[in-house]
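Please read the structure below before turning to the comments.
Rule-based calculations on the coordinates, nothing more; no lab input. Note that the structure is predicted; figures quoted are calculated from it, not measured. Cβ coordinates were reconstructed from backbone atoms using ideal geometry, including for glycine residues, and neighbour counts include every protein chain displayed.
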């Protein structure tokens, strides 16, 4: 009887593990077709979206961003259901780079202004981020924000940047996009799409008339990017020291990755590994990932960080994890 019970327990555990593996292997759910993105901008945090219900002809409801995500949010119509970017994108990065890791935990990575850092590195995909920042004399570190991404896959290079802007105007597009060195030109219309002829499956779609795009590569990644400034209010509250000559335009980002290997690394990438152990103080109000020298690269497209996996011959590099600093 005991042996039979033990055998049943083992079989149940095997079935449970197989089911979990099957769920984990499923690609992340796409954004629904009825989504809209609100990007309030510097002085328009009360911006609202009217959702019409064409089937019932009911009076339109009004949706606005939640306090958790005042700069950008997703609205589903009809019904005015509002979601923050991190509700759809677990790899989200916002503001003074705050990430939500693949393990579900939030952490900060401050890096250093005017330097590039490896965010994710896998055998077939490598993503670097360029940091801009301001120095607060009262602190031992820079305030930093992600100003650009350099994405490499196969023999291709995708650049996504926020142009330096003195006086912010949300009606002016500050996106700078290029693929293999050639500018990407997309009409400033919501839903307008650019598609690559050289890399089938790579598309860039406008999520707002200005400053918002969704970049998708079939089978590899989905990136939501929105250019936002540092508002006068945020500067005053956090003592960022924003000046009239630079609004510190930067990205709020959401990442989804598909079919990463278990050897993936980088500031964010390592959190998707099955053997990742979070040594950060998750109970801290502001858990910080240190070890910046492990992730620094020589330029926006370089793959020379200490934890690089991109390209042949990268497998087998030991995992590097860093405790909070």
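Only residues of region 263-279 count here: report those whose backbone N is under 12 Å from the spot 7 Å along Cα→Cβ of residue 123, or say none. Residues 263-264 fall inside that zone.
Run the numbers for residue 182 and residue 281: contour at 0.36 nm per residue of separation, minus the present Cα-Cα distance, in nm. Kindly include the intermediate steps, with their values, before the conclusion.
Working: separation 99, 0.36 × 99 = 35.64 nm, distance 4.31 nm.
Here the segment from residue 182 to residue 281 would lengthen by 31.3 nm.
Fully extending the segment from residue 192 to residue 66, taken as 0.36 nm per residue of separation minus the present Cα-Cα distance, adds 42.7 nm.
Residue 244 to residue 209: FRET efficiency via 1/(1 + (r/R0)^6), r the Cβ-Cβ distance, R0 22 Å, to the nearest 0.05? Can you show the working numbers first?
On the way: r = 26 Å, r/R0 = 1.18.
Step by step, r from the Cβ atoms, then E = 0.25.
Among 113-124, 254-265, sorting by the average number of other beta carbon atoms lying within 10 angstrom of each residue, highest first, gives 113-124, 254-265. Shape descriptor for region 89-297: Rg over Rh equals 0.96 (Cα atoms; Rh from the Kirkwood inverse mean 1/r).
Simple spin-label estimate for residue 171 and residue 274 gives 5.4 nm between the two label positions (7 Å along the Cα-to-Cβ direction from each Cα).
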